[in-house]
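First comes the structure, then the notes that go with it.
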Amino acid sequence: MSLLGVEDVFTAYGKIEALKGVSLEVAPGSITCLLGPNGAGKTTLMMSIAGILKPKRGRIVFDGTDIAGRAPHAIVGRGVALVPENRLVFPGMSVRENLLAGAYQRGDKAAIEEDIERMFGRFPRLKERAAQFAGTLSGGEQQMLAVARALMSRPKLLLMDEPSLGLAPLVVEEIFRIVADLHKDGATIFLVEQNAHMALKVAHHFYLIEQGRISFSGTPGALAEDEVIRRAYLGSSRA
Amino acid sequence: MIDLAQNTLDGLFLGSSYAMLALGFTLIFGVLRRVNLAYGPAIMLGCYAATWVHLNSGAGLLALAAVAVLCTTLAGAYVERLCFAPHRQGSAIAAMVASFALWMQLEELATLALPRHIYPFPPLHGGTPLEFGALTLRVESLVMLGAAVAACAALWWILYRARFGIAVRAVIDQPGAAQLAGISVPRTFMLTFAMASAIGGLAGFLVAASHEQVTPMLGMMFTLKGLLAMMLGGLGSLPGAVAGGLALGLLEAHSQWFLGPQARDLIAYALLFILLAARVPWMTTRSAS
């Protein structure tokens, strides 16, 4: 059974439909990756799952419950955390406070402190900058903080919207190493990525979204063999 | 020299009430990015409720203060539901105009309940002012200052030490990310509004007790002084709101002494105009922390 099932979801901005009947599944314990060109609806889908946007139609079944149209904080409470595009840390709050904000719905103070220490173990750079305003961090550090903040809610499903966007290649590698580590520790991750090469190294299943519809679903092997996708996303020079 | 010192003292006391009003305005502006013109009238209504209780019962000052704070908070919640909850994503102007309409409504409500133009309000302290050498101090002023300091301290504790403070500051900082962190933004709006109204209600009670009277014009006064002090301190900054309130009080006390009561308000507006026109840095940046 899948952890997340998106079933025939339509989401519109006013009269403009960004998602035109999207269906996909995320298996528990997997890394699933959504590819697609700009404006295809990747971020719209992420925001629909997280509750920021309300789908007009369709179901979003998470852990057996339809969460479509619920309030964002209620969806976080059910165990879905989104690392948003462009990170969106709280710039005027310290790194530590950003992490506390991520755990806002939890009442277990002692366990929250333990989790903060665990995040500092996983992201040593954040520990060094614990008291610093998040706005003063580099782009890569902010991305790590955004991931750590999302993990602080102890999600069953981690959504990541283009975590490599605007980061230097070395930092991108580090981010994907973190994604792989999280998966090793049992996390389920649903990832939006433009960087198909990096995604191929970690993801177990791929979807391609074009103009608001899913146009491809398959394993990394099938993705690499698909002529059209290879040309568009992996560069035709690669065999 | 003594006059200068006395004016400065009076200005600080006056300014401490403005600082509380500006803090309330700033909280609302910070989390909602909306100007709430009905803030002052809601406080006025709280003062009227306390006056009504005073006229119809022998309630003591503490009970009256509680009535003022409670009714201002209720009126504030009403304003939030009607003006700001429906326009969260929409136009800031629509919310502001709606709050202006509620201003009129709250003023009508007050004058329907208590139709005379002026009603007496019990003083905090009936006795003579304290004297320190050539300086005189009204007990009311000391209470006002003490209350302002206590309100600032309580607010600081809530915002920087309590769990709820994380939610308020997160919503001010980055509302989109706040909801992704599991913070209920509508609930934070509502509670912040209530908190701002409670501070305003306390300030209103102290002002009414130090004037020893209430009039429906109090609403306009609270809104104008609070807005002015908030803008002087830089939109959205809490320490700035306190500084702006004190600065406004000092400015008014001194200009009243040197230039007369007519010039008092004029000077404050002129200063605001000059600061806005000169684009001083702290007025054009918006931060709340």
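The values are calculated or read from the model by the stated rules, or taken from the named source; none is laboratory data. Predicted model only: the values in this text are computed from it and were never measured. Every residue, glycine among them, receives a Cβ derived from its backbone with ideal geometry; neighbour counts consider all protein chains shown.
Of note:
- Residue within the range A:43-62 that is closer than 25 Å to A:G102 by Cα, within 14 Å of chain B (Cβ to nearest Cβ), of a type in the set (F, W, Y) and surrounded by 17 or more Cβ atoms within 10 Å (Cβ to Cβ) present: no
- Residue in the range B:245-254 that is among the hydrophobic types (A, V, I, L, M, F, W, C) and out of contact with any Leu (no Cβ under 8 Å at 6 or more places or on another chain) present: no
- Matching residues, the range B:77-98, being charged (D, E, K, R) and surrounded by fewer than 17 Cβ atoms within 10 Å (Cβ to Cβ): B:R81, B:R88
- Qualifying residue in the range A:164-175 (condition: among the polar types (S, T, N, Q) and closer than 22 Å to A:Q105 by Cα): no
- Scan of the range A:122-139 for residues that are surrounded by 19 or more Cβ atoms within 10 Å (Cβ to Cβ) and modelled with pLDDT under 95, ordered by number: A:F123
- Of all residues making up the range B:13-44, the number that are among the hydroxyl-bearing types (S, T, Y) and closer than 22 Å to B:L142 by Cβ: 3
- Against the numbered list (1) under 16 Å from B:T223 (Cβ atoms); (2) in contact (Cβ under 8 Å) with a residue 24 or more places away in the chain; (3) surrounded by fewer than 23 Cβ atoms within 10 Å (Cβ to Cβ), B:H117 comes up short only at (1).
- Restricting the first member to the range B:157-171 and to residues that are at the interface with chain A (Cβ under 9 Å from one of its Cβ atoms), and the second to residues that are of a type outside the set (A, V, I, L, M) and in a helix (DSSP H, G or I), the beta-carbon pairs closer than 6 Å and six or more apart or on different chains are B:A167/B:T188.
- Within the range B:152-177, the set of residues being surrounded by fewer than 17 Cβ atoms within 10 Å (Cβ to Cβ) and not in a helix (DSSP H, G or I) comprises B:R161, B:A162.
- Residue match in the range B:181-197 (condition: hydroxyl-bearing (S, T, Y), buried (at least 20 other Cβ atoms within 10 Å of the Cβ) and away from chain A (no Cβ under 14 Å)): yes
- Answer residue from the range A:104-120, given it is in contact with a helix residue (DSSP H, G or I) (Cβ under 8 Å, 6 or more places away or on another chain) and more than 8 Å from chain B (Cβ to nearest Cβ) and is surrounded by the fewest Cβ atoms within 10 Å (Cβ to Cβ) among those: A:R106
- Once the range A:91-103 is narrowed to residues that are outside any helix (DSSP H, G or I) and crowded, with 22+ Cβ neighbours inside 10 Å, the residue that is nearest to the other protein chains (Cβ to nearest Cβ) is A:M93.
- Selection status of A:L191, closer than 24 Å to A:A103 by Cα and away from chain B (no Cβ under 14 Å): yes
- Each residue in the range B:133-148 was checked for being under 19 Å from the mean Cα position of the chain (by Cα) and loosely packed, with under 14 Cβ neighbours inside 10 Å, and 1 pass.
- Counting only helices (runs of 4 or more DSSP H) that sit completely within the range B:191-289, those holding 1 or more residues that are free of Cβ contacts under 8 Å to residues at least 12 places away in the same chain correspond to B:238-259, B:261-278, B:281-284.
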